[in-house]
1. Can you tell me which residue is modelled with the highest pLDDT among those in region 205-225 that are surrounded by 10 or more Cβ atoms within 10 Å (Cβ to Cβ) and among the aromatic types (Phe, Trp, Tyr)?
2. Of everything in region 159-174 that's at pLDDT 80 or above and loosely packed, with under 13 Cβ neighbours inside 10 Å, which residue is nearest to Trp191 (Cα to Cα)?
3. Could you check region 41-54 and list, in sequence order, the residues that are small (Gly, Ala, Ser) and surrounded by 22 or more Cβ atoms within 10 Å (Cβ to Cβ)?
4. Right, Ala153: within 30 Å of the chain's Cα centre (by Cα) and either under 30 Å from Val12 (Cα atoms) or basic (Lys, Arg) (or both) or not?
5. Would you mind finding the one in Leu218, Leu280 that is outside the structural domain of Ser103 (by TED's automatic domain parsing) and either in a helix (DSSP H, G or I) or not polar (S, T, N, Q) (or both)?
6. Which residue out of Phe57, Phe18, Phe38 is aromatic (Phe, Trp, Tyr), assigned by TED's automatic domain parsing to the domain that holds Ser103 and surrounded by 22 or more Cβ atoms within 10 Å (Cβ to Cβ)?
7. Can you tell which of Ser179, Ser196, Ser202 is assigned to a helix (DSSP H, G or I), at pLDDT below 85 and under 30 Å from the mean Cα position of the chain (by Cα)?
8. Go through region 27-82 and give me each residue that's of a type in the set (Ser, Thr, Tyr) and outside any helix (DSSP H, G or I).
Amino acid sequence: MKSRAFAGVHPVVQFGYFTIVMLFTMLVSQPVLLVISFVCSVCCGMYMGGRSTRRSFFRLILPASLLICVINPLFDHAGATILFYLPDENPFTLEAAVYGLVSGCMFSSVMLWCVCLRCNMTSDRIIYLFGRAAPKLGLLLSMIIRFIPQLTAQFRRVRSAQRCFGRDAGQGSVFRRISNFAAIVSSVIGWSMEHSLITADSMKSRGYGLGRRTSFTLFRFERRDALIGAVILILAAVSAAGCISGTAEFYYFPSFSPVEAGLSDIVTYISFAGLCTVPLVIDVKEGRKWTAIQ
């Protein structure tokens, strides 16, 4: 069994970590940093999410990223290196193609980090974070996180039942498939609406919104959480300092700027790689300890 030691870290440390990593990924366009974030997000996502994450990555995330890579140079014609001309006489440039590849890499990284966040941040942890400051927001986020897996499971159940009757979305002619898929979606939407009404009635019967809310939590900020938080802050500070000093500066248009490889740049790359691998290192380390004592 895989170790999920990072899932037991204090919610404040978890949420802060994923916020920092996703902000770095979205705000930095330097190719080396984006490749580091992409590789680490793939490793963490595959390790934490398991088979479902692998299926989502190859069926949804990767095709969407490749689509971004293809579409960008078709509409963005900036760049000095012209590879060929499109039928409408617009140039297809190397810079636009690489920028599309980088944009797809950024999209995949952010989506995979969101998957890792979902694997670690459960609904009770979100309520713990936002329950006092923004109780409605915390409840809404926790309900969304809980509702998405339920909706996916219900879709699979309905599709499996429809398949037994020969009415699956992959059976029959094109129009028949569209009709079958619409019937499945209609059934799932009806179930979700009924489920929402049941949830609302349950909350009302339990007195939600009648008075001041109280909260109960078992989360305690321990020495281990402080140590992990300190490591995350140090690595993030070193990475941010390197980016501010010029490591993150990279231009794609009209031509590529050189990728710097000085001492400060290498330190920035190493610190950012260490930051992105914190959950994986903790889980693997605890997994080895668990295996050794068995």
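The values are calculated or read from the model by the stated rules, or taken from the named source; none is laboratory data. Keep in mind the model is a prediction, meaning the values are calculated, not measured. So basically every Cβ, Gly included, is an ideal-geometry build from the backbone, and we count neighbours across all protein chains shown.
1. Phe221
2. Residues of region 159-174 at pLDDT 80 or above: 159-164.
Restricting the remaining residues to those that are loosely packed, with under 13 Cβ neighbours inside 10 Å gives 160, 164.
Values: Ser160: 16, Cys164: 20 Å.
Among those residues, the one meeting the criterion is Ser160.
3. Going through region 41-54, the residues small (Gly, Ala, Ser) turn out to be 41, 45, 49-50, 52.
Of everything in region 41-54, those that are small (Gly, Ala, Ser) and surrounded by 22 or more Cβ atoms within 10 Å (Cβ to Cβ) turn out to be Ser41, Gly45.
4. Numbers: within 30 Å of the chain's Cα centre (by Cα): yes; either under 30 Å from Val12 (Cα atoms) or basic (Lys, Arg) (or both): yes.
When the stated conditions are applied, Ala153 passes them.
5. On the way: Leu280 fails: outside the structural domain of Ser103 (by TED's automatic domain parsing).
The match here is Leu218.
6. Going through Phe57, Phe18, Phe38 in turn, just one is aromatic (Phe, Trp, Tyr), assigned by TED's automatic domain parsing to the domain that holds Ser103 and surrounded by 22 or more Cβ atoms within 10 Å (Cβ to Cβ): Phe38.
7. Working: Ser179 fails: under 30 Å from the mean Cα position of the chain (by Cα); Ser202 fails: under 30 Å from the mean Cα position of the chain (by Cα).
When all the criteria are applied, what remains is Ser196.
8. Step one: list which residues in region 27-82 are of a type in the set (Ser, Thr, Tyr), which gives 29, 37, 41, 47, 52-53, 56, 65, 81.
Correct list: Ser29, Thr81.
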